[in-house]
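**Q** Provided herewith is a single structure, encoded as structure tokens, for subsequent inquiry.
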Amino acid sequence: MNFENTYTKEQEEFRMEVRAWIKANVPENMRMPAMSRGIFGYEEGSDRAAEMMAFWKEKHLELGKKGWLYPTYPKQYGGGGFTAEHEATLAEEFHKGGVVPHHSDAQTIDPVLVWGTEAQKQKFVVPLVRGEKTSHRALTEPQSGSDLANVRTRAVRDGDDWLITGQRVFISTFEGVDYLSGPAMTDPDAPRHRNVGFFLIPNPVKGLTMQNMNLITGKPKFIFMDNVRVPADHLIGDPTQGWQVMGTVLDQEQQSSGSAVAPENRVVTTLVDVMQQNRKRGTHSGSDPVLQQNTVSAWIDHHIYALFVMRTHWLFMSKTAMGWEGATGRHINREEGLRTKARVRTVMGMYAHLGKNDPLAPYGGLQDWQQMSYPHTAGGINIGKVIIARRIGISRTRERAAPTRLTATKTTV
Ligand SMILES: Cc1cc2nc3c(=O)[nH]c(=O)nc-3n(C[C@H](O)[C@H](O)[C@H](O)COP(=O)(O)OP(=O)(O)OC[C@H]3O[C@@H](n4cnc5c(N)ncnc54)[C@H](O)[C@@H]3O)c2cc1C
């Protein structure tokens, strides 16, 4: 079997069109730095960050009009109506060309597509998919991270509105985001999983404040809400259906790779490069068997992950519900990341810890960035295993995949 992904003539022409757009529209100084996490690579708070935010907001509007911002989303909701191959091509070229991805996350758009009314899809999904508005998921609270059902934020009905009071933590968003999506307890007397609603909270709004958390990896936000007034049509699904809606959010997050088909791992590529350079220079480390074994192990690990991504891509293309497969790919990626960190330290020694501002930092500080990044999203690594256990029937509860944009029949593209 040939695992190479091949493209048709039409798809190759599309690739050329994308490359031409990038060349004509994205100046060198506006490209996303290789090691950034989307908007968080802008060196938050700096003039450069503000300039890049403004530039990309404009560009996202252009991309939205072309349907390139959310290529596989339905046309009637502002998307491109393209195939998964088009999306993969766009992802690959955007990655190479340093195009900053849209400023919303799919986990806030998809629950509206799956669970929202037609009016809510028009009101929320269309402007988000076109890049006119932005959104981000705000789920985690001080006492509800992995145990998300332990949410304490309250929503109390007040006439036509809801009043929301509570706190979120670790939210990777920015001050100017238009909506924050997440759960709030609507019925404190009901049992867990049947006591929350899922809301799109507007921002800015009276009573909502954000504060930076100063982590070594960046500045996610604390969010405080004090009687924040939210109109009734910002509740997605029924008032106590929020846990089901969140299933769509969490499954989306677990599936991770979406339509990406050929993930690049620059850390592994540069590790191989270090060994090649050392060999060329004839140094002792260039022929050290331990360093060689470490490098090859990282290389093999990455290629195993790449095969899982191909499988996820195929499931995505065929609109098949992902049971354990998406979560397994994600898990391999996260564990691979941890093992690669250790191998990088073995091969590169203390150079692996020189940050991007140090003139001696190899590859612009790429390795230091990788050392500091960690696999936090969608719960920790253990939580990934809990999800897989539920899906393969060796857990206290058995759980089927939640409906997603691609598997929910009413919204399938
Ligand atoms: C940089 C960063 C950005 C983030 N961005 C966002 C964001 O944008 N939006 C958002 O909503 N959240 C965000 N988060 C929060 C993230 O999703 C949570 O950190 C994650 O869900 C884990 O929750 P916790 O930190 O409370 O850890 P805990 O839930 O307290 O877990 C602590 C440890 O216990 C383990 N554990 C917990 N329960 C079990 C179990 N049942 N079985 C086995 N092991 C278990 C976990 O794996 C982990 O190792 C972010 C976090 C970070 C660090």
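**Q** Return only the number of the condition from (1) crowded, with 18+ Cβ neighbours inside 10 Å; (2) touching a Lys or Arg at 6+ places or on another chain (Cβ under 7 Å); (3) at pLDDT below 95 that G286 does not satisfy.
**A** In the conditions (1) crowded, with 18+ Cβ neighbours inside 10 Å; (2) touching a Lys or Arg at 6+ places or on another chain (Cβ under 7 Å); (3) at pLDDT below 95, G286 misses (1) alone.
**Q** A further question follows. Take Q255 and decide whether it is more than 16 Å from the ligand (Cβ to nearest atom), closer than 25 Å to F316 by Cα, within 24 Å of the chain's Cα centre (by Cα) and open to solvent by 20 Å² or more (accessible area, probe 1.4 Å).
**A** Against the criterion (more than 16 Å from the ligand (Cβ to nearest atom), closer than 25 Å to F316 by Cα, within 24 Å of the chain's Cα centre (by Cα) and open to solvent by 20 Å² or more (accessible area, probe 1.4 Å)), Q255 does not qualify.
**Q** Please give the number of the condition Q367 fails out of (1) in contact with a His (Cβ under 9 Å, 6 or more places away or on another chain); (2) within 16 Å of the ligand (Cβ to nearest atom).
**A** Checking Q367 against (1) in contact with a His (Cβ under 9 Å, 6 or more places away or on another chain); (2) within 16 Å of the ligand (Cβ to nearest atom), the one that fails is (2).
**Q** Output the qualifying pairs, or none if there are none: Cβ atoms under 7 angstrom, residues six or more apart or on different chains, first residue in region 378-389 and at negative phi, second residue within 8 Å of the ligand (Cβ to nearest atom).
**A** G380/S146; I383/S146
**Q** Filter region 370-413 for residues that are modelled with pLDDT under 75 and within 13 Å of the ligand (Cβ to nearest atom) and give the result.
**A** Y374, P375, H376, T377, A378, G379
**Q** Just the residues that are away from the ligand (no atom under 15 Å from the Cβ) and surrounded by fewer than 20 Cβ atoms within 10 Å (Cβ to Cβ), please, taken from region 143-173.
**A** R154, V156, R157, D158, G159, D160, D161, L163, T165
**Q** Among the candidates T108, T89, single out the residue that is open to solvent by less than 10 Å² (accessible area, probe 1.4 Å), more than 16 Å from the ligand (Cβ to nearest atom), polar (S, T, N, Q) and outside any loop (DSSP other than H, G, I, E, B).
**A** T89
**Q** Which of the residues that make up region 203-223 are under 15 Å from V177 (Cα atoms) and in contact with a Lys or Arg (Cβ under 9 Å, 6 or more places away or on another chain)?
**A** Once the filter is applied, which keeps residues that are under 15 Å from V177 (Cα atoms) and in contact with a Lys or Arg (Cβ under 9 Å, 6 or more places away or on another chain), region 203-223 yields V205, K206, M210, Q211, N212, K221, F222, I223.
**Q** Does any residue in region 278-303 that is basic (K, R) come within less than 8 Å, Cβ to Cβ, of a residue that is assigned to a helix (DSSP H, G or I) six or more places away or on a different chain, and which pairs are these?
**A** Final answer for the pair search is R279/G286; R279/S287; K280/G286.
**Q** Give the residue that is nearest to G81 (Cα to Cα), with candidates limited to residues of region 132-142 that are more than 6 Å from the ligand (Cβ to nearest atom) and open to solvent by less than 10 Å² (accessible area, probe 1.4 Å).
**A** Of everything passing the filter in region 132-142, S135 is nearest to G81 (Cα to Cα).
**Q** Next question, about the same structure. For region 174-189, does any single residue satisfy the condition of being part of a strand (DSSP E or B) and open to solvent by 30 Å² or more (accessible area, probe 1.4 Å)?
**A** Within region 174-189, none of the residues are part of a strand (DSSP E or B) and open to solvent by 30 Å² or more (accessible area, probe 1.4 Å).
**Q** Between D178, D226, which is farther than 30 Å from M372 by Cα and more than 13 Å from the ligand (Cβ to nearest atom)?
**A** D226
**Q** For region 306-338: of the residues being in a helix (DSSP H, G or I) and among the hydroxyl-bearing types (S, T, Y), which is most open to solvent (accessible area, probe 1.4 Å)?
**A** Only one residue fits best here, namely T328.
**Q** Follow-up. With (1) at pLDDT 90 or above; (2) under 19 Å from P403 (Cβ atoms); (3) among the small types (G, A, S) as the list, and S256 as the residue in question, which single condition is left unmet?
**A** (1)
**Q** Another question, then. Please identify the pairs in which a residue from region 48-76 that is under 21 Å from A20 (Cβ atoms) has its Cβ atom under 8 Å from the Cβ atom of a residue that is open to solvent by 80 Å² or more (accessible area, probe 1.4 Å), counting only partners at least 6 apart or on another chain.
**A** Close Cβ pairs satisfying both conditions: L61/R130; L61/E132; G64/R130; G64/E132; K65/R130; G67/K75; L69/R130.
**Q** Among the residues of region 339-392, write down those that are within 25 Å of L139 (Cα to Cα) and open to solvent by 40 Å² or more (accessible area, probe 1.4 Å).
**A** Of everything in region 339-392, those that are within 25 Å of L139 (Cα to Cα) and open to solvent by 40 Å² or more (accessible area, probe 1.4 Å) turn out to be M372, Y374, H376, N382, I383, K385, V386, R390.
**Q** Further question: Would you confirm whether any residue within region 41-63 is at pLDDT 95 or above and in contact with a Phe, Trp or Tyr (Cβ under 9 Å, 6 or more places away or on another chain)?
**A** Scanning region 41-63 turns up at least one residue that is at pLDDT 95 or above and in contact with a Phe, Trp or Tyr (Cβ under 9 Å, 6 or more places away or on another chain).
The values are calculated or read from the model by the stated rules, or taken from the named source; none is laboratory data. Given the structure is predicted, the values throughout are model-derived calculations rather than measurements. With ideal geometry, Cβ positions are generated from the backbone for all residues, glycine too; neighbour counts draw on all protein chains shown. The protein model used for the area step is the full one, side chains on, heavy atoms only, and it has no ligands, DNA or RNA in it. Shrake-Rupley method; radii C 1.70, N 1.55, O 1.52, S 1.80 Å.
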